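Derivation of every value follows stated rules applied to the coordinates shown; laboratory data play no part. Since the model is a prediction, treat every value here as computed from it, not as a measurement. Methodologically, a virtual Cβ is constructed for each residue, glycine included, from the backbone with ideal geometry; neighbour enumeration extends over all protein chains shown.
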């Protein structure tokens, strides 16, 4: 919020934590009281509720918002206020709510003229509003809560601010969030709030909507008609959004129901058409009514007339006209770029608009969506008139491809961003659930904000559900990016959870939401396979299992604690996504274990195949549970297939991954496997555990298992007294895991080798090598920074030792933005590139190596793209006082490299360095270009093993 009297934004969180449950409007302090103070405005007091008054000629958007406020007050207090015009209001009145548009409501204008209503801060602002208590607004009203807006939407947003503050979530219908009940509702007596958006057009795109959204809409509403869209429009206005691209796969917004456009306009929603549907005509309308080919070179007259009809039809309504042309069904217009043809198309489309409309062409909102190959037309020199908005697109995976240059920022039409939470296409479609951490959204849209791409922000939300959480964050950030700096990302999730479920559970819910979105941000469920996470190295798959199952256990516990009326909402917004995410990981992890253990000949390998089948069934059962809640209100929403992809498009049905069947014999037969190796004894006699160090993992495991069905006894004996084993004997029916560790009090100094001998059935036994490394005491005393263990140093970037700014720019942490932790990037974001490294911002890390020689440093970065033309994303790296190496993260711009980057959600670099002597060293990262976002550093001194996430952070002293 821009201006708040009585409660400052700085005190917002304190006020929030003290506020009653449900009283918090997300991001700002509450101005609602349950108990009255002197002079408070009594919205509801005992059996009385203040009437809602409007001017008889008020716009429909204002009347609809007031009708919803009337219903909201009744939902909260069971008291329904009257809704009437100013003239019809019974007088005198002690209190009243007065809502109106500046310049069209005589009473509002009179209050401004008399100095009773302060609107100076929103004068000339798009969609601005003030909410203010005013004493004696008229002779017959003692006190009024006045909601005034610079336009009709501004008034509506102010009204919905009241709704949210009194305890009605924007998701009360779309996610079944219960309202917070109150007997009385009081507002601060000297309340004054002024607010307005930073991004002009803020909206969503309903896309890729079959089978889930389409099946649901057909069942509940009979299709994509005005009854369906009214629910969407109400949600958008409650979220202070104003722009919609409608569902279009098999639908045509205007043609399917003539009331669709009428109702959109009444709610105050600007309608548009997607990036490949010009002139407010749906793609499917050409299929229904078009004559001849969709080709302007061969069929210009028919297409011209088709577009004229679109402009005429939408003339009375708020619309943003998509210009240009792509091929039908969201394909390129032609095999070869034809700039001349596309320029003629845009010229003719603008000619149509000029002919149809009675106002200047520059006053008609127009957008050219630079999506996929269309951006190439622009980069090769094609231009559109300055009043047309350039809508830059991401790469369909949440990485913005291009942002305005300083010269482009001078264009009258400005620029915007088309973003994705959902996508159909390569390298893999992802449509099932929320896979986008809000920290990722923040990092990319903060770039858009910094580079002034703020005319339009629109995001592809797929079916809308289950994208509730990121959708709200995107739209809240669009309203005012300064409300949500990176330091408030965790707070956003907590405040969101508090609004929906109360303060008691907010921190835990934030933890769950952050956890499941982090996992899906690492690797989207549709991209998962048994090979994704390592079963052998760094206990990677098992670490993720422990992480997700811990969050799931927390969610299940909360589900049992929260009031029953909140359980449907909690299931949709919290429990279902963490449970679904956990099931998918466990399904593939158990499949991987089955395959590995079958190859090793473990008698219990089939148990993991059975577990995979159970998890596959659990996924289906979870979807059915989703479809059954609230008497089947959300049937069909989980019908999108998501298991068993083999190429870019989804399989026709979920498909169980292939599992192996191992047939054990009926004899006792020992096998031994160790951490870090796929081969097992007796197939190999070269078994060795990863090296032990006081600075590394405290234990490693040996699995003693049965290859047959008859049990046997085993013994395990250490060759050295400093080797500890968790169990030295026992009976084996399936698998017994032995934990091996080092007693460092008894371990000899230096590098030493011992072994564990496992004896069971058969000839001889398995000899597992154990290596320990204990540095000399004087070396241990000088160790500092991140310490090498087993040939690796792994660093989380936020754990730096020192940093230095330059020209007011410095490395700062982006919390929650990373596969395993957070990120570091440079702020504030500007156009500045630091070509002179002596005057560049840097961040520095201390580390310690126990040997000299050649090493490599692997950098893991967010997969950002070259959003500044003719420039990559560069940084420089140096160890100690060596010459820095300049690295361009985007040196490989091939399609293959991009595909791998979006699969992994990261770009990776490798640099080579020479360490002349063991001991303490310093690694420095210099900033060159803005937008470089570092997520992890791994120093490989010869010990790095394959894995998806890399080793856990090294010991740091």
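Quick look at the values:
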item	result
Volume of the Cα convex hull of segment 701-784, divided per residue and given in Å³	92 Å³
Ordering of 278-286, 258-266 by burial proxy (mean other Cβ atoms within 10 Å per residue, highest first)	278-286, 258-266
For peptides 895-901, 215-221, sequence by mean Cβ density within 10 Å, most packed first	215-221, 895-901
Crossing angle, helix 226-238 versus the chain [Cα axis fit, 0-90 degrees, rounded to tens]	80 degrees
DSSP-defined antiparallel bridges as percent of all bridges, the chain, nearest 5	70 percent
Rg/Rh for segment 3-195, where both radii come from Cα atoms and Rh is the Kirkwood radius	0.93
Where the Cα pairs of segment 201-484 fall when distances are cut into 10 Å bins, in %	6, 30, 38, 22, 3, 0
Extension gain from residue 710 to residue 646, taking 0.36 nm per residue of separation minus the Cα-Cα distance	19.1 nm
Protection-proxy order for peptides 138-151, 611-624, 301-314, each taking the mean of Cβ atoms within 10 Å per residue, highest first	138-151, 301-314, 611-624
Rounded Å value of the spacing that divides the Cα centres of segment 553-573 and segment 380-429	40 Å
Average Cα contact separation per residue, segment 784-940, under 8 Å, 6 or more apart, as relative contact order %	37 percent
Cα centroid of segment 624-674 to Cα centroid of segment 588-614, whole Å	13 Å
Paramagnetic reach from residue 746 in segment 697-726 [backbone N under 18 Å; point 7 Å along Cα→Cβ]	699-700, 716-726
Residue 661 paired with residue 724, simple spin-label distance in nm, labels 7 Å along Cα-to-beta-carbon	4.5 nm
Principal-axis tilt of helix 60-77 within the chain, Cα atoms, nearest 10 degrees	60 degrees
Rg over Rh [alpha-carbon atoms, Kirkwood Rh] for segment 900-957	0.96
Cα→Cβ-extended label distance, 7 Å offset, between residue 231 and residue 856, nm	5.3 nm
Length-normalised contact order of segment 54-114 in % [C-alpha pairs under 8 Å, at least 6 apart]	40 percent
Contour excess over end-to-end distance, with Cα ends at residue 375 and residue 625 and 0.36 nm allotted per residue	85.7 nm
Computed FRET value (nearest 0.05) for residue 331 with residue 731, which takes r as the C-beta separation and R₀ as 56 Å	0.30
Space enclosed by the convex hull of the alpha-carbon atoms of segment 859-957, per residue, Å³	124 Å³
Distance cut-off 52 Å, percentage of C-alpha pairs in the chain lying past it	25 percent
FRET efficiency, 1/(1 + (r/R0)^6) with R0 22 Å, evaluated for residue 57 and residue 317 via beta carbons	0.70
Simple spin-label estimate for residue 831 and residue 409 in nanometres, 7 Å along Cα-Cβ	0.7 nm
Förster-model FRET efficiency, 51 Å R0, residue 139 and residue 892, C-beta, rounded to 0.05	0.10
Compactness of segment 506-632 as Cα Rg over 2.2 N^0.38 Å, two decimals	1.13
Separation between Cα centres of segment 486-547 and segment 677-693, rounded to whole Å	33 Å
Extension gain, residue 82 back to residue 607 (0.36 nm per residue minus Cα-Cα distance, nm)	182.5 nm
Percent RCO, i.e. relative contact order, over the chain, from Cα pairs under 8 Å lying at least 6 residues apart	9 percent
Cα long-axis angle, helix 300-314 against the chain (0 to 90 degrees, to the nearest 10)	70 degrees
